[in-house]
Amino acid sequence: MSKKVFTNEEVEMLRGNPYTYAVTPHILSFTKEFKELFWKEYQEGEIPRHILEKHGYPADVLGKERIWGIAHTIKGQYYSEKGLREGSLKKNPSAGTPCATTEEAVRRLQGEVQYLRQEIEFLKKISSIKTTRK
């Protein structure tokens with residue numbers, strides 16, 4: 001985590017960016033779409049600072065450490081089993097700070113519903129395999 005804390009004005013400015021998934025004074029999370037864009041441009045040789053600035057994230061607001069951390073996190077997600085995803089990985093999605101806006105809350109809940117539907121389909125498949133293997 002970066003030591004730079006966003007001011008209220010910076011939080012509002014970052015929240016207005018369409019590629020921002022969620023933002024607090026300490027944490028900035030991106031949409032999956034932005035992470036895919038970032039990764040594509042990064043693989044083409046673009047510098048993380050330039051990618052972020054091109055898409056509306058001023059480097060002076062983010063800070064050097066956070067820019068490095070963003071690139072490192074997106075690279076880690078790209079190569080992970082789960083791949084690129086919206087927001088950040090939390091142990092318990094309902095834990096943590098409350099969403100600052102209803103839009104963020106709706107987006108978080110839509111993601112949770114999608115995840116639970118996938119989990120139900122997986123459980124149905126397991127159940128059908130158990131019943132057909134008798």
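Structural remarks
- Residue within the stretch 125-133 that is at pLDDT 85 or above, part of a helix (DSSP H, G or I) and under 18 Å from residue 31 (Cα atoms) present: no
- Matching residues, the stretch 43-71, being over 19 Å from residue 10 (Cα atoms) and small (Gly, Ala, Ser): 45, 71
- Of the helices (runs of 4 or more DSSP H) contained entirely in the stretch 1-94, those carrying at least 1 residues that are outside the structural domain of residue 112 (by TED's automatic domain parsing), over 22 Å from residue 108 (Cβ atoms) and within 15 Å of the chain's Cα centre (by Cα) fall at 32-43, 48-54, 64-79.
- Taken as a whole, the structure places residue 38 among residues that are of a type in the set (Phe, Trp, Tyr) and touching a helix residue (DSSP H, G or I) at 6+ places or on another chain (Cβ under 6 Å).
- When 22, 71 are checked against the criterion of being of a type in the set (A, V, I, L, M), in contact (Cβ under 8 Å) with a residue 60 or more places away in the chain, out of contact with any Lys or Arg (no Cβ under 7 Å at 6 or more places or on another chain) and crowded, with 17+ Cβ neighbours inside 10 Å, a single residue qualifies: 22.
- Test set (1) surrounded by 15 or more Cβ atoms within 10 Å (Cβ to Cβ); (2) more than 13 Å from residue 29 (Cβ to Cβ); (3) at pLDDT below 90 - residue 111 fails condition number: (2)
The values are calculated or read from the model by the stated rules, or taken from the named source; none is laboratory data. Here the structure is a predicted model, which is why all the values come from computation and not from measurement. Neighbour counts are summed over all protein chains in view; Cβ atoms, including those assigned to glycine, are modelled from backbone coordinates with ideal geometry.
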